[in-house]
Amino acid sequence: CSSSTHGFTMGGTDDTGNSDRIDKFPFASQTNATDWADCTDILNGGAGASSPTHGYILGGSRGAASIYVNIIERFPFASQTDSVDIADLTLARSGGAGISSCEDGYCAGGTTLATNPANGAPQWTRTEIDKHSFASGGNSTDHGDIPVETGAGASSAAGVSGTTHGYIV
């Protein structure tokens, strides 16, 4: 996610395993990232979204056991403060695409650990697009679906935020 001056990474995998770090790096100079704050837990594969004042982590997997979560965490850009769990996605998933408008954050696609009814696989790539209001801070709602054939879904996609539309690549 990003503020107007900095980019942020949240959680992920480093050379010691999964991480709970929120790193911050400036756009104006070619400088290494610094440890800014921490997520509530060790997270990997969460989608990122940005309001004008906060960064958001949408879903992901927790810890070495890769337990998929439906959390929505938020941290402020203006102060070096850890993230807090503020709401939930409609389903637990990892690898979704994060997209932002000025008012809302979106988590599109991703993977759940549930048996896929189309082929019996233990992981199921999803087509749901969840919408989370930055202003209300409540749980997300089902906003629509990615137009992908049943059972194909979208996992580990990138989200791109345009001025009028969100894109999944």
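Summary of computed values
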item	result
Options Asp41, Asp35; residue that is among the charged types (D, E, K, R) and within 18 Å of Ala87 (Cβ to Cβ)	Asp41
Count - residues of the range 1-29 that are open to solvent by 30 Å² or more (accessible area, probe 1.4 Å), of a type outside the set (Ser, Thr, Tyr) and either modelled with pLDDT of 95 or more or under 18 Å from Glu73 (Cβ atoms) (or both)	11
Cβ pairs under 6 Å, 6+ apart, first in the range 42-54 and touching a residue at least 40 places away in the same chain (Cβ under 8 Å), second among the charged types (D, E, K, R) and open to solvent by 50 Å² or more (accessible area, probe 1.4 Å)	His54/Arg74
Top-ranked residue of the range 121-143 - restricted to ones that are open to solvent by less than 20 Å² (accessible area, probe 1.4 Å) and in a strand (DSSP E or B), ranked as nearest to Cys1 (Cα to Cα)	His132
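The values are calculated or read from the model by the stated rules, or taken from the named source; none is laboratory data. What you see is a predicted model; the values in this text were computed from it and never measured. Glycine also receives a Cβ, built like all others from the backbone with ideal geometry; neighbour counts cover every protein chain displayed. Accessible surface areas use protein heavy atoms only, side chains included; no ligands, DNA or RNA. Shrake-Rupley method; radii C 1.70, N 1.55, O 1.52, S 1.80 Å.
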